[in-house]
Each structure stands twice: as structure tokens, then as C-alpha cells.
Amino acid sequence: MDDRELFVDAQRRYLSSIYEIKRGKRSRYFLDKTPRYYNIIPELYELFPKAYFLFLIRHPIAVLISIMNTWAQKSPLEIRHCRNDLLVAPDSLLDGLDIVGDRALLLRYEELLSNPAFQTERICKWLKIDSQPQMYMYGNKSKVEAWRMGDQKFVYSHKEPCALRATAWES
């Protein structure tokens with residue numbers, strides 16, 4: 001094993017142990033929905049070449065409007081903190097799709113909101129797991145841990161994804 005392979009193997013073991021500790025047990029699946037994963041797609045693929053990569057993309061103007069409504073409400077200048085999310089992410093995601101190849105599934109945010117049952121079924125079929133309605137139904141809000149990031153208001157007013165949100169940015 002050369003130095004690079006040794007380094008990659010050590011990183012893989014380290015991250016796997018963190019994921020296992022966080023999850024509380026050995027798990028077959030790990031979900032990282034961090035919006036800025038686009039920064040590390042090549043590294044993730046190198047560390048976990050057998051992993052499935054679901055790329056959730058959204059219309060770029062919708063991303064801009066979301067950032068403005070969530071992070072830059074007090075001052076439009078706050079958008080500067082999200083510069084890479086707007087200018088770097090789109091190309092990085094496209095490059096990532098090329099890197100990951102057939103280990104990737106592309107999902108459009110707007111399609112997920114418009115037809116959550118179908119899209120959830122599609123994802124589950126790709127992952128070879130059973131689909132269940134509670135995967136996209138928010139359920140009892142009193143039992144759901146509050147989100148710390150992103151939309152902290154709208155999601156709590158619905159039981160499932162709302163198709164109207166897919167095009168709300170257009171107005």
C-alpha cells in the first residue's frame with residue numbers, strides 16, 4: 001500500500017467511525033445533506049467509491065431567492081457569504097456527476113416537491129430499499145426535532161412537501 005492509499009484508508013476509517021458513533025450503531029446508510037458538499041465530491045468519491053450519491057439540484061434563481069429570504073433578510077450584502085453557493089456550486093455539481101458516474105442519481109428539487117411520493121419511490125428503488133410514506137410525510141410536529149438550518153418556519157406548517165413552494169420564487 002503506497003502513502004496515498006494509506007492516507008485514504010485512514011480517512012475512510014476515521015470518517016466511518018465518526019458516522020457510527022453519531023448514529024449509535026453500524027449503519028448501511030449515511031446521509032449528508034449539507035448544502036456545501038459540492039466542495040468535497042471528489043474526495044467523498046475517493047473515500048467511498050461504492051457509495052450512492054444523490055444530487056439534489058434546484059433552479060439557480062430559486063436558490064438565490066431562498067438565500068435572500070433566509071440569510072440576507074436584514075441586508076442584501078449578506079449574500080456575499082453565499083457567493084460560492086451561487087457561482088461555484090452549479091459547475092461543481094455537474095463535475096461531481098461526471099466523477100461519480102453511474103453511482104449518482106440526479107433529483108430536481110422542483111420535481112421532489114411536485115410529486116414527493118413518486119420521487120421517494122424512485123430514490124428507494126435506486127437504493128434498493130422499501131419506500132414508505134413517512135419518508136416524505138413530516139408527521140407529528142411535536143415529535144420532530146426542530147431544524148437549526150434553512151427554512152425554520154414553513155416546513156412546520158405542512159405535513160408533506162408543498163408543490164407550490166417549487167415555483168414560489170417566480171413571484
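What are the residues in the range 19-44 that are of a type in the set (A, V, I, L, M, F, W, C) and either exposed (fewer than 13 other Cβ atoms within 10 Å of the Cβ) or part of a loop (DSSP other than H, G, I, E, B) (or both), if any? Passing the criteria: Ile21, Phe30, Leu31, Ile40. The residues of the range 63-110 that are over 20 Å from Trp169 (Cα atoms) and among the β-branched types (Val, Ile, Thr), listed by number, are Val88, Ile99, Val100. Considering (1) in contact (Cβ under 8 Å) with a residue 12 or more places away in the chain; (2) open to solvent by less than 70 Å² (accessible area, probe 1.4 Å); (3) farther than 18 Å from Tyr52 by Cβ, the lone condition that Ser75 does not fulfil carries the number (1). Taken over the range 93-114, the criterion of being open to solvent by 30 Å² or more (accessible area, probe 1.4 Å) and out of contact with any strand residue (DSSP E or B) (no Cβ under 8 Å at 6 or more places or on another chain) is satisfied by Leu94, Asp95, Asp98, Ile99, Gly101, Asp102, Glu110, Glu111, Ser114. Taking each residue of the range 104-122 that is more than 11 Å from Pro161 (Cα to Cα) and among the hydroxyl-bearing types (Ser, Thr, Tyr) and looking for partners that are modelled with pLDDT under 95 and part of a helix (DSSP H, G or I) with beta-carbon atoms closer than 6 Å, six or more apart or interchain, yields Thr120/Met135. Go through the residues of the range 149-164 one by one and say whether even a single one is open to solvent by less than 60 Å² (accessible area, probe 1.4 Å) and either modelled with pLDDT of 95 or more or among the charged types (D, E, K, R) (or both). Yes, because at least one residue in the range 149-164 is open to solvent by less than 60 Å² (accessible area, probe 1.4 Å) and either modelled with pLDDT of 95 or more or among the charged types (D, E, K, R) (or both).
Scanning the range 52-68 for residues that are surrounded by 13 or more Cβ atoms within 10 Å (Cβ to Cβ) and aliphatic (A, V, I, L, M) yields Leu54, Leu56, Ile57, Ala62, Val63, Leu64, Ile65, Ile67, Met68.
The values are calculated or read from the model by the stated rules, or taken from the named source; none is laboratory data. Source: prediction; values computed, not measured. So basically every Cβ, Gly included, is an ideal-geometry build from the backbone, and we count neighbours across all protein chains shown. Accessible surface areas use protein heavy atoms only, side chains included; no ligands, DNA or RNA. Shrake-Rupley method; radii C 1.70, N 1.55, O 1.52, S 1.80 Å.
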